[in-house]
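Remarks on the structure that follows.
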Amino acid sequence: MKLMIVDDSNIIRNRISRIMADAKLPEIEIIGTASSGTEAHALFQTAHPDIVTMDLTMPEMDGVECTTLLTNLDPDVKILIISALSDKATAIQALKNGAAGFLYKPFTDDELVNALLELIEE
Amino acid sequence: MSDLSEKDIEIFIEAIGGYFKQITQEAASIGVAYLAKNAFPLNDFTGMIRVSADYDGALYFSAPSAMLRHLLTVMKETNQSEENLLDAVGEIANTISGNARKYFGENMVISIPEKIAGLASMLNEQSRRHAYVIIIKWKHYSASLIVDISRLR
């Protein structure tokens with residue numbers, strides 16, 4: 001399955017990439033990263049990922065808005081929100097807008113791998 | 001408008017402690033919060049999150065470059081450019097304030113991080129009379145979390 005990583009933080013994008021490389025999961029291939037919702041929208045239309053990790057707090061277009069855009073383009077895409085926003089209302093709103101899962105920052109390597117595996121096994 | 005209570009400040013202490021524990025697998029030593037007037041313990045890099053809606057003010061995480069480089073090493077990040085050190089303070093400030101919303105709720109609206117290299121002189125001008133300062137010691141480094149927030153409603 002093709003994975004796209006969306007986060008405005010360099011170090012988080014790199015960390016997710018590195019964790020996935022270390023995990024050596026043959027079923028997941030990283031096809032690109034985006035540092036904003038706008039970039040993610042453009043990349044999504046050319047790379048057609050199956051799964052996306054999505055930050056919420058980003059400039060210009062936030063992660064909830066971007067999730068809505070991407071799920072409108074492809075209702076089958078599985079989006080894992082990765083955010084520090086820990087209130088219930090934010091998680092509910094993200095799920096209502098098409099996200100398939102939610103992982104809170106800060107996260108460990110194992111938590112990320114398990115969250116993605118759960119997502120693709122659904 | 002009212003100042004945050006000790007219980008409110010405890011939320012930020014738990015959040016910063018949890019961050020270090022989760023990322024480094026090692027507990028940081030978190031000092032007791034104290035009220036500071038104009039003399040804030042700032043470091044090389046500072047991440048700032050503005051809060052709005054039912055709250056007003058900002059939260060700052062300020063750390064020396066050596067501590068940030070060490071944290072990036074723990075995260076296996078080899079690019080330790082100034083851009084990534086700024087990214088790190090912004091991300092930590094964002095994580096602490098985001099985690100605090102579990103307690104404060106969605107009506108504590110938080111901004112995207114603003115990142116400052118060098119001493120953040122504007123902080124002294126912007127902050128209210130009483131801001132809480134929390135000192136974080138990890139390995140031999142010392143950083144600060146400054147909670148300069150009031151409750152409006």
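Numbers for the structure displayed
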{"item": "Residue within the range B:31-39 that is closer than 17 Å to residue B:146 by Cβ, hydroxyl-bearing (Ser, Thr, Tyr) and within 9 Å of another protein chain (Cβ to nearest Cβ) present", "result": "no"}
{"item": "Every residue from the range B:7-30 that is loosely packed, with under 15 Cβ neighbours inside 10 Å and in contact (Cβ under 8 Å) with a residue 24 or more places away in the chain", "result": "B:26, B:29"}
{"item": "Test result for residue A:24, at pLDDT below 95 and either under 13 Å from the mean Cα position of the chain (by Cα) or among the charged types (D, E, K, R) (or both)", "result": "yes"}
{"item": "Search result, residues across the range A:75-122 that are under 18 Å from residue A:23 (Cα atoms), in contact with a helix residue (DSSP H, G or I) (Cβ under 6 Å, 6 or more places away or on another chain) and among the aliphatic types (A, V, I, L, M)", "result": "A:80, A:103, A:112, A:113"}
{"item": "Elements of type strands (runs of 3 or more DSSP E) in the range A:21-121, at least 1 residues being in contact (Cβ under 8 Å) with a residue 40 or more places away in the chain and more than 14 Å from every other protein chain (Cβ to nearest Cβ)", "result": "A:51-54, A:78-83"}
{"item": "Residue check for residue B:11: closer than 23 Å to residue B:74 by Cα and under 15 Å from the mean Cα position of the chain (by Cα)", "result": "no"}
{"item": "Scan of the range A:1-14 for residues that are of a type in the set (D, E, K, R), outside any loop (DSSP other than H, G, I, E, B) and touching a Ser or Thr at 6+ places or on another chain (Cβ under 9 Å), ordered by number", "result": "A:13"}
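The values are calculated or read from the model by the stated rules, or taken from the named source; none is laboratory data. Fair warning: this is a prediction, and the values are worked out from it, not measured in the lab. Note: ideal-geometry Cβ built from the backbone for every residue, glycine included; neighbour counts use all protein chains shown.
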